[in-house]
Amino acid sequence: MNRRSFITLTGGAAAYAAAGSLSNIYAKSYGTGVEWRNKQSGMAYRRLGRTNLMVSEIVFGGLTIRSNERQWRFLETGLDLGMNYIDTASAYARGDSELGVANVINKPTKRDRVFITTKTSGWLDKSRRPYYDKIWEGLNARAQGRVRAEVGARIQAEGILDEYYICNYGDWQVTQTEALYRDDVLEDWYPQEISAAERREMSAKVISELEGSLKRLGTDYVDILVGPHGGSGAAHLFSPELLQAVEQLKRQGKIRFFGVSSHNNPAKVTIAAAKSKVYDMAMPAYNISTEPWMKPALEVAGREDLGIIAMKVARAVFPDRAGNSVKPLPGLEEKMHKLVPGDMHIAQKAYIWALQNPHVAGCVSAIPNIEMTVANAALAGKTMPA
């Protein structure tokens, strides 16, 4: 967006704040068992499930953060406004996002202001992929055909490719899902083809990826490690190689809590994480497009006390891809404007809409500058018109 767009956006948020009222639904006492950081009177906070972390309703997404001062300084503005959670990943800008975050937490007193999440971005798609590629390449054409048929059957059975469920985040979604399910089938049918030494290598890659993140971030721990980043099915949550590495990292004090994210099958992944008791939180794609699938999944998460940070909240109605406008799926824009009327940017309406769900602790916002930081921080605590 250009500067004029942001001024309009900020003004719309202010008008909405003046017309609306601060939500009292979540203004309750959480007792002494919760952990606060950077608590400010103008920000609304919620408990992130069994982690007991009190997180700001709007949290920073790391896709837009860089080591260039212009592309991280807005984080300081957000902290001044009471935001206290930064989500990043080893793959974001090839680690440069984490280098940008490091500028905000480069002293112990500054580190204590925020909760930091990073992700093992490359583990599902890169670190373990070569072992399954080796199995695949060793199969004849007939065996490969059987694997392809099984992959298609599993994806169809779970309804992953329903247009509104998978939504419209990028062309990579279908190919990523197919590749991950291929690896699952190969694991199920040919587990003996991966040696014990190779499985130890898989675990070691989780550890080395996290240690690389800690070095770039300039800290000795992260509050949350999101392990399978972009899991497309329940099987991706329970790889022994992953869980063994996570257990070691917890014992070493390098991570406090463990989570999972999902773009392509968020309901199934959320339910599996909630029921597992292994995962402390999840980052599912939750928006007006995935709502029919995600609403019951979030209810399960609530019952099991799984913390939820919603991602892709605005992407369904504002599917911008690196500055290139993409048309939303039919009916979504109209539905959002009807649910949240008023003169506000549609992305902000999406955040307000998502925060009405009591099982959502916070929404990730890929904020790129100070203007949007101020505008989006002002959304916390707001209710939708009756």
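The values are calculated or read from the model by the stated rules, or taken from the named source; none is laboratory data. Predicted model only: the values in this text are computed from it and were never measured. Cβ atoms come from the backbone with ideal geometry, glycine included; neighbour counts cover every protein chain shown. Heavy atoms of the whole protein, side chains included, go into the accessibility calculation; ligands, DNA and RNA do not. Shrake-Rupley method; radii C 1.70, N 1.55, O 1.52, S 1.80 Å.
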Q.
Checking the structure you have, find out if any residue of the range 170-182 is open to solvent by 10 Å² or more (accessible area, probe 1.4 Å), acidic (Asp, Glu) and in a loop (DSSP other than H, G, I, E, B).
A. yes
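Might you check whether a residue that is among the polar types (S, T, N, Q) and closer than 19 Å to Lys119 by Cβ occurs anywhere in the range 184-201?
no
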Q: Search the range 44-64 for residues being of a type in the set (A, V, I, L, M, F, W, C) and at pLDDT 95 or above, and hand back the single one that is most open to solvent (accessible area, probe 1.4 Å).
A: Ala44
Q: Within the range 370-382, identify whether any single residue is farther than 26 Å from Arg50 by Cα, open to solvent by 20 Å² or more (accessible area, probe 1.4 Å) and either among the polar types (S, T, N, Q) or in a loop (DSSP other than H, G, I, E, B) (or both), and answer yes or no.
A: yes
Q: Scan the range 124-162 for residues that are among the acidic types (Asp, Glu) and at pLDDT 95 or above and jot them down.
A: Asp133, Glu137, Glu150, Asp162
Q: Go through the range 210-239 and give me each residue that's at pLDDT 95 or above, part of a helix (DSSP H, G or I) and either surrounded by fewer than 22 Cβ atoms within 10 Å (Cβ to Cβ) or charged (D, E, K, R) (or both).
A: Glu211, Gly212, Leu214, Lys215, Arg216
**Q.** Candidate set from the range 338-351 (those that are without any contact (Cβ under 8 Å) to a residue 60 or more places away in the chain and either within 16 Å of Leu379 (Cβ to Cβ) or in contact with an Asp or Glu (Cβ under 9 Å, 6 or more places away or on another chain) (or both)); member that is surrounded by the fewest Cβ atoms within 10 Å (Cβ to Cβ)
**A.** Pro341
**Q.** Members of the range 268-284 that are out of contact with any strand residue (DSSP E or B) (no Cβ under 6 Å at 6 or more places or on another chain) and open to solvent by less than 10 Å² (accessible area, probe 1.4 Å)
**A.** Ala274
(Q) So for the range 133-156 (the condition being more than 12 Å from Arg182 (Cβ to Cβ), touching a Leu at 6+ places or on another chain (Cβ under 9 Å) and not small (Gly, Ala, Ser)), does at least one residue qualify? (A) no
Q | Number of positions in the range 82-103 that are of a type in the set (Val, Ile, Thr) and more than 16 Å from the chain's Cα centre (by Cα) | A | 1
Q) Applying the selection to the range 297-335, what residues are of a type in the set (Gly, Ala, Ser) and farther than 16 Å from Glu163 by Cα? A) Ala297, Ala301, Gly302, Gly307, Ala310, Ala314, Ala322, Gly323, Ser325
Q: Could you pull out every one of the helices (runs of 4 or more DSSP H) wholly within the range 254-369 that has 3 or more residues that are closer than 23 Å to Ile155 by Cβ?
A: 266-276, 291-304
